[in-house]
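*Asks:* Questions regarding the structure given below will be posed in turn.
The values are calculated or read from the model by the stated rules, or taken from the named source; none is laboratory data. Because the structure is a prediction, the values reported are computed rather than measured. Please note: Cβ atoms are built from the backbone with ideal geometry, for glycine as well, and neighbour counts cover all protein chains shown.
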Amino acid sequence: MAENEALPTPEQLQDLLLESPGFTEFLLELTAVSASLLGGDAPMLCAITVEQETGPATVASSSAEARSLDERQYAYDDGPCLTALRHQRTVHIPDLQADDGWAWYAQAVSDEGIQTILAVPIPTGNGSRSALNCYSTKVHAFAPETVAAVEEHAASLSRILRLAMRVHAPEPYPQHLRSALRSRAVVDSAVSLIMVHNRCGREAAVELLQVASRSSNRRMHEIAQDILRNASDIPVVSGGGDP
């Protein structure tokens, strides 16, 4: 996985919130960035669950698959992510198929090929509970240092998520908006990764993406997808980024 220093700082998370078009877009970018930066050899799926009086909901996910993995737990009112947020403790399942304690969930998601799950609580207060949920198709995908990095990342999300939830009610984004938001979120997430990697501003990051698009004669959306799949493809600012 990426080194810890590659993870967004609290200041960068605040910038991401301030520069995102809206709360939903911010959360979509956040999960995509988390999945890309925390992922290793095997792709990682990430989602954020928030539970309030009305029940749990996936407020954002890095993919439709991640959302589905969360929602199957809601149907049973039980699961790794719900355990993490309700008991405020990390739930790490290194080999889902071999874990008797979660045999029912392994059966429920057998068609998804998920082998490892890591759910980490995000302290939010304000009458709600949250968790960052990570799924991998690789057995024993999360080494101890990866678990520690995800816990550190979740802790850094706490303040910014609490701040965002004070201003916006965390609701699942409507079905008819998901496709459009997802397409835009792919580009926005790639821009955010470029900002984090180069420690530059959004304008410089967008310009890098545009240059990469023009030089390769490919759409920005395609370049952005490549960046999210492989963080090593992130363009680099010549001479360093602006503060």
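*Asks:* For Ala64, which of the numbered conditions (1) crowded, with 22+ Cβ neighbours inside 10 Å; (2) aliphatic (A, V, I, L, M); (3) under 30 Å from Met195 (Cβ atoms) fails to hold?
*Replies:* Condition not satisfied by Ala64: (1).
*Asks:* While we're on this one: Give the number of residues within the stretch 122-140 that are in a loop (DSSP other than H, G, I, E, B) and within 21 Å of Ala75 (Cβ to Cβ).
*Replies:* Residues meeting the conditions: 1.
*Asks:* If I filter the stretch 31-48 for residues that are assigned to a loop (DSSP other than H, G, I, E, B), touching a strand residue (DSSP E or B) at 6+ places or on another chain (Cβ under 7 Å), at pLDDT below 70 and surrounded by fewer than 24 Cβ atoms within 10 Å (Cβ to Cβ), do I get at least one hit?
*Replies:* Scanning the stretch 31-48 turns up at least one residue that is assigned to a loop (DSSP other than H, G, I, E, B), touching a strand residue (DSSP E or B) at 6+ places or on another chain (Cβ under 7 Å), at pLDDT below 70 and surrounded by fewer than 24 Cβ atoms within 10 Å (Cβ to Cβ).
*Asks:* Surrounded by fewer than 18 Cβ atoms within 10 Å (Cβ to Cβ) and out of contact with any Cys (no Cβ under 6 Å at 6 or more places or on another chain): does that describe Arg86?
*Replies:* Answer is yes for this residue.
*Asks:* Counting only residues that are of a type in the set (Asp, Glu), without any contact (Cβ under 8 Å) to a residue 60 or more places away in the chain and assigned to a helix (DSSP H, G or I), which one in the stretch 70-121 is farthest from Pro56 (Cα to Cα)? Before the answer, list the steps.
*Replies:* Step one: list which residues in the stretch 70-121 are of a type in the set (Asp, Glu), which gives 70-71, 77-78, 95, 99-100, 111-112.
Filter again for without any contact (Cβ under 8 Å) to a residue 60 or more places away in the chain, leaving 71, 77-78, 95, 99-100, 111-112.
Restricting the remaining residues to those that are assigned to a helix (DSSP H, G or I) gives 71, 100, 111-112.
Working: Glu71: 9, Asp100: 25, Asp111: 23, Glu112: 21 Å.
So, considering only residues that are of a type in the set (Asp, Glu), without any contact (Cβ under 8 Å) to a residue 60 or more places away in the chain and assigned to a helix (DSSP H, G or I), the one farthest from Pro56 (Cα to Cα) is Asp100.
*Asks:* Quick one: in the stretch 134-159, which of the residues that are crowded, with 20+ Cβ neighbours inside 10 Å and among the β-branched types (Val, Ile, Thr) is nearest to the chain's Cα centre (by Cα)?
*Replies:* Once the filter is applied, the top-ranked residue is Val150.
*Asks:* Just one of (1) of a type in the set (Ser, Thr, Tyr); (2) under 18 Å from the mean Cα position of the chain (by Cα); (3) closer than 27 Å to Thr54 by Cα trips up Thr116, so point out which.
*Replies:* Here Thr116 clears every test but (3).
*Asks:* I'd like the full set of residues that are among the small types (Gly, Ala, Ser) and more than 21 Å from Ala149 (Cα to Cα), limited to the stretch 69-120.
*Replies:* Answer for the stretch 69-120, where residues must be among the small types (Gly, Ala, Ser) and more than 21 Å from Ala149 (Cα to Cα): Ala75, Gly79, Ala98, Gly101, Ala103, Ala106, Ala108, Ser110, Gly113.
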